[in-house]
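Coordinate-derived values only; no laboratory data. No experiment lies behind these values; they were computed from the predicted model shown. Every residue, glycine among them, receives a Cβ derived from its backbone with ideal geometry; neighbour counts consider all protein chains shown.
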């Protein structure tokens, strides 16, 4: 059963404190110190959901859970985020997370899933497809990050990921800046639309913006740069069907530098640009993600075995 929502009035100052409504989770242990949390809902074709930066699996479930009611949904907290655990300095970046998520799916005996990822989670989804193309039915990449470039999260979070910082710097940032900065970043993600009331009222901001989450976001921001070069190198050989969805008003990940580039170098990728939508398009056009999944299902059944 979902935990009761907070009753306090929402403001920028209290948003970071809100525990929200948590999805029931299960856990899969991979190695000592490495444990992935996931929600498992429904029956049918398995769809794996991977959230982006500064969020948890609730982001994907709030946006897409109702629309995926005829499928089995496995929504993961990415390593170190939400209720997942990971090891300091060992599990950062795109490639490592792709490896760990495949290990979790193998333990859960999931075969040939469709994978839907958003933002950094979309990058991980693409890396999963490149790592094991024959085991991936298809990928829906929502606003993926693929181009190595200086980004805001590098400036804000990467210093927290350095080995010497530990939690001292993280805690200092929390008291000095995070209480105001993180709510602004969360709201900016949704532009040009406002944050949906359901998200504002029920998303677990306290979990998504915890000290541990911002530290591991820093690690991922730092390690992800090198991983992106590897992804670009391997992309032309990727055999997995991919649907790339993005909004032309995305202020977080410029679709021209990322989604359009991915569509050019991935041989089996189709690009769909939604006018008027921003980075969190899955909250405002979930039906388009369903259409993309159905297209992948048709493509996977029509493709002869290699």
Against the 2.2 N^0.38 Å rule of thumb, the C-alpha Rg of the range 203-251 sits at a ratio of 1.61
Would you mind calculating the relative contact order of the range 43-162 from Cα pairs under 8 angstrom and at least 6 residues apart, reporting the percent as a whole number? 25 percent
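Please arrange 261, 280, 189 by counting, for each residue, the other beta carbons lying within 10 Å of its beta carbon, fewest first.
Values: 261 19, 280 27, 189 23.
The fewest-first ordering by Cβ neighbours comes to 261, 189, 280.
Determine the gain in length on full extension of the stretch residue 300-residue 132; use 0.36 nm per residue of separation and subtract their C-alpha separation, reporting nm with one decimal.
On the way: separation 168, 0.36 × 168 = 60.48 nm, distance 1.50 nm.
Once the chain is fully extended between residue 300 and residue 132, it gains 59.0 nm.
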Relative packing of 122-131, 37-46, 91-100, 236-245, which averages over residues the other C-beta atoms within 10 Å, highest first: 122-131, 91-100, 236-245, 37-46
With a 10 Å Cβ neighbour count serving as the proxy for reagent exposure, in which order, fewest first, do 186, 102 appear? 102, 186
Can you bin the range 8-110 into rounded, prolate or oblate? Criterion: square roots of the alpha carbon gyration tensor eigenvalues sorted a ≥ b ≥ c, rounded for a/c under 1.5, prolate for a/b above b/c, oblate for the rest. oblate
With 0.36 nm assigned to each residue of separation and the Cα-Cα distance removed, residue 233 to residue 188 gains 13.0 nm
Report the full-extension gain for the segment residue 112 to residue 264: residue separation times 0.36 nm, less the Cα-Cα distance, to one decimal in nm. 52.2 nm
Given a Förster radius of 22 Å and the C-beta distance between residue 251 and residue 181 as r, what FRET efficiency does 1/(1 + (r/R0)^6) yield to the nearest 0.05? 0.85
